[in-house]
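Here the structure comes first, spelled out in structure tokens, and everything after it is commentary.
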Amino acid sequence: MQEFFQDRRNQAMFGGTVLFMFIFPIYFALVPSLVGLDGAGASDSSGTWEVSFTEEMFTQTENSGELGDGDTFDSIFILTEEMIGENRNVASVTIEVSCNDNDDVGFNDGGSGDSDLAGVSGALQDQSASGDCGGGNAFSMTWDIVDGYDGVTYEGEGKMSDISARWSDNESARGDWLVGITADVAEAPFPASIANGDDGQDYDITWTAVVFEVSMEPVLNIADPTTE
Ligand SMILES: [Ca+2]
Ligand SMILES: [Ca+2]
């Protein structure tokens, strides 16, 4: 009988010990988050922030070489995760295509472009554009990856995580950006083309990606005692 009680007491003590082993860690893990002092709360404070942006621009320029009428040149711009970096986002990607038809008079060439974003992350829309070689850009295309991004410092209220999410590119825009450029070469009809001929056109291509990092500094709203 004595052994039985002894046994029960031991069992109860053991059970109680096990119970507290579980309850105490859970209790102490919960308390800080209940009073807002845990790590996640401290690094994700709510408040007023001065939100600013540090930008880096990546550019790539190339020339298509001489293209005949209807010929196509594929221009590829590769935007890698390594270029973007862990804490940065892609604001926009732009391609500008320019040409200057100085081969003949009165029969200006042109060009057109069609994107193929199959190799780019995210649900980005393909674009088409065209224009003529009158100097300046024949055409350009821009993809705004983060809507409303202008790089201008502002004051925002809320949680840091919400502000970061507002400026997130959601991991899109990574990969191989491809635009096929098709030459549209115009020349005088025969026999005027003998004296005023044009058998080709080249195109200057510039890709630009704007990458940025978001910074947040707390704004201290201290009442000015002199106004009271
Ligand atoms: Ca021409
Ligand atoms: Ca030409």
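Values quoted throughout were computed directly from the atomic coordinates according to the rules given, and no laboratory measurement underlies them. These numbers come from a predicted model, not from an experiment. A quick note on method: Cβ atoms are made from the backbone with ideal geometry, for glycine too, and the neighbour counts reach across all protein chains shown.
Remarks
- Label separation (residue 196 vs residue 94): 3.6 nm, computed from points 7 Å beyond Cα along the C-beta direction.
- Cβ-defined net charge surrounding residue 126, 9 Å radius [Lys, Arg +1; Asp, Glu -1]: -2
- Applying 1/(1 + (r/R0)^6) with r as the Cβ-Cβ distance of residue 140 and residue 118 and R0 = 25 angstrom yields a FRET efficiency of 0.75.
- Between residue 215 and residue 76, the simple spin-label model (points 7 angstrom out along Cα→Cβ) gives 3.7 nm.
- As a proxy for reagent exposure, ranking 178, 79 by other Cβ atoms within 10 Å from fewest up yields 178, 79.
- Computed about its Cα centre, the charge dipole of segment 46-218 is approximately 580 debye, with only Lys, Arg, Asp and Glu carrying charge at their Cβ.
- Gain in span if fully extended, residue 125 to residue 66, counting 0.36 nm per residue against the direct Cα distance: 18.3 nm
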